[in-house]
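These notes are about the structure you will find just below.
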Amino acid sequence: FAALRVPQAVAFYDAASDPHRPERLSLMGDLRDAIERNEVVLHYQPKMSLREQAIDGAEALIRWQHPKLGFVPPDAFITLAEETGNIHRVTRWVLATAISQLQRWSSQGLNWHVAVNLSARDLHDLELPRRVAHLLTLHKVKVEQLRLEITESAVIGEPVIAIQVLRELADLGLRIAIDDFGVGQSSLAYLRKLPVHELKIDKMFVQGLATHADDRMIVRSIVELAHRLGYGVTAEGVEDAAALAYLTKIGCDHAQGHFLAPALDTDSFENFAIGFEVGATQ
Ligand code: C2E
Ligand code: MG
Ligand code: MG
Ligand code: MG
């Protein structure tokens, strides 16, 4: 069951030691039902504006509480959903859920932004821009409140279509971030061709800030590169006070990570974000 890669540090479903060894297809059947049975939820990881010293948004991260398998991490089932052609269904649900949450928050005067992750395959969906525009109108959500995260590998398979879809999304006014920047297939050549507004520095570099001088150098260079290209920059995987202090010092725009908070359910996110602002201004 190679597609179920489970991160070691996280608690949950371990395919290798699973006596039932579920088939891929049955797990995908489960995923379809899971959305209808409300086993899938979005959690929100706070994003801190380092200039404002406040939480001004969140990244939406999908969570699946499977009735038999327990917590199935997104890295595992998102990959499966991509391979089996079910990702569009998942993405549609994620977008609808995030956008209706944004509507609830704005009706309470809470103007946070929410960043949604898109998969590579989503950028082959020519209907996506129209669908997003429709959802925003339906829920009366301002386009600035929704953001999108993609990895550069999303553009490598079908660059012409992917770039067209991205352009249309950007033309709607959506802010687009390159996720996991600095690892994998990141290529500066692609970056120049993409309508991009933000880089998210991969946690691999951020986790080492306190202890590794070379990581500090890499992160500082990415922040500088982003700013020179006119992009914003977010560091993910901020796990200690030293990393947060360093990122603030070098002018990184946003920080996200377990030192601040993990992904939280909506109530916990609201409490955290509001409490954080109050705490910071006192
Ligand atoms: P990502 O978009 O790069 O999300 C960041 C991941 O890092 C999340 O893992 C988050 O919980 C984790 N993280 C945040 N802060 C820290 C930290 O300080 N330390 C460590 N060690 N980890 C931290 P998660 O939620 O397990 O998601 C993993 C990946 O699954 C995401 O990576 C994203 O690529 C994908 N994913 C999650 N939700 C969705 C979704 O709704 N749609 C799609 N297409 N992909 C999703
Ligand atoms: Mg992301
Ligand atoms: Mg990332
Ligand atoms: Mg990732």
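The values are calculated or read from the model by the stated rules, or taken from the named source; none is laboratory data. Keep in mind the model is a prediction, meaning the values are calculated, not measured. Every residue, glycine among them, receives a Cβ derived from its backbone with ideal geometry; neighbour counts consider all protein chains shown. Remember, those area values only see protein heavy atoms, side chains included, never the ligands or the DNA or RNA. Shrake-Rupley method; radii C 1.70, N 1.55, O 1.52, S 1.80 Å.
Only a single criterion out of (1) under 21 Å from VAL141 (Cα atoms); (2) open to solvent by 30 Å² or more (accessible area, probe 1.4 Å) is not satisfied by ARG32, namely (1).
So for the range 75-98 (the condition being free of Cβ contacts under 8 Å to residues at least 12 places away in the same chain and open to solvent by 70 Å² or more (accessible area, probe 1.4 Å)), does at least one residue qualify? No, the conditions are met nowhere in the range 75-98. Here VAL160, VAL143 are screened, and the one residue that is away from ligand 4 (no atom under 16 Å from the Cβ), farther than 25 Å from ILE222 by Cα and either within 19 Å of the chain's Cα centre (by Cα) or hydroxyl-bearing (Ser, Thr, Tyr) (or both) is VAL143. For the residues VAL196, VAL233, the requirement of being within 22 Å of ILE55 (Cα to Cα) and either surrounded by fewer than 19 Cβ atoms within 10 Å (Cβ to Cβ) or touching a helix residue (DSSP H, G or I) at 6+ places or on another chain (Cβ under 9 Å) (or both) singles out VAL233. Only residues that are touching a helix residue (DSSP H, G or I) at 6+ places or on another chain (Cβ under 6 Å) and farther than 23 Å from GLU59 by Cβ were counted across the range 125-161, and they come to 2. Count of the range 49-63 residues, restricted to those that are of a type in the set (Asp, Glu) and either open to solvent by 20 Å² or more (accessible area, probe 1.4 Å) or more than 14 Å from ligand 1 (Cβ to nearest atom) (or both), is 2. Among the residues making up the range 237-253, none is surrounded by 23 or more Cβ atoms within 10 Å (Cβ to Cβ) and touching a Lys or Arg at 6+ places or on another chain (Cβ under 6 Å). Here SER268 clears all of (1) open to solvent by 50 Å² or more (accessible area, probe 1.4 Å); (2) at pLDDT 95 or above; (3) closer than 25 Å to LEU42 by Cα; (4) not hydrophobic (A, V, I, L, M, F, W, C) except the condition numbered (1).
Restricting ALA120, ALA115 to residues that are within 16 Å of ligand 4 (Cβ to nearest atom) and touching a helix residue (DSSP H, G or I) at 6+ places or on another chain (Cβ under 6 Å) narrows the list to ALA120.
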